[in-house]
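The values are calculated or read from the model by the stated rules, or taken from the named source; none is laboratory data. Only a predicted model underlies this, so the values are computations on that prediction, with no experimental measurement involved. These accessible areas exclude ligands, DNA and RNA; they are computed on the full protein's heavy atoms, side chains included. Shrake-Rupley method; radii C 1.70, N 1.55, O 1.52, S 1.80 Å.
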Amino acid sequence: MMSAKLQLITFVISFLYGILFYFLTILNFKLINNLKVYLKHIITFVYVIDMAIIYIIILYHLNKGYFHIYFILTVFLGFIVGAILKSKLISKINVKKIFKR
């Protein structure tokens, strides 16, 4: 059984991983934008498998591999928050002003 402190740490790490997963997914789609469709599917499949393995390794090091469904739900919540953050940040940043210098 995990302690409450360890569960909170795992929740925070899962949430941050969800946000990171969102932004890396956007980057992945931008990088494979000009490829053929079958290559896009293969690269995206490998990307998702890699991200899942990385998450499992992180959980293994954090709490000896205890895996609960609410950790996955926290990753999805972080993914959604990442999408909201992107929409809020993109609307606030004036790129022309930054690169005008």
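If I ignore ligands, DNA and RNA and count only protein heavy atoms, how much of ILE90 is accessible to a 1.4 Å probe, in Å² to the nearest 10?
ILE90 exposes around 110 Å² with every protein chain in place.
Among the listed pairs LYS5/LYS64; LYS30/LYS88; LYS36/LYS88; LYS36/LYS97, give every one whose C-alpha distance is greater than 24 Å. Mind dumping the intermediate values first?
Numbers: LYS5/LYS64 14 Å; LYS30/LYS88 19 Å; LYS36/LYS88 32 Å; LYS36/LYS97 35 Å.
Flagged as over cut-off: LYS36/LYS88; LYS36/LYS97.
From the backbone phi of the range 40-45, what are the Karplus-calculated ³J(HN,Hα) couplings (6.51 cos²θ - 1.76 cosθ + 1.60, θ = phi - 60°) in whole Hz, Gly and Pro given as x?
For the range 40-45, the Karplus-derived couplings read 4, 5, 5, 5, 5, 4 Hz, x marking Gly and Pro.
Of LEU77, LEU59, LEU27, which has the largest mean-square fluctuation in a 10 Å C-alpha GNM of the chain?
LEU27
Across the range 29-37, in residue order, what do the Karplus-derived ³J(HN,Hα) couplings come to in whole Hz, using 6.51 cos²θ - 1.76 cosθ + 1.60 with θ = phi - 60° and x for Gly and Pro?
5, 5, 6, 9, 4, 9, 8, 5, 4
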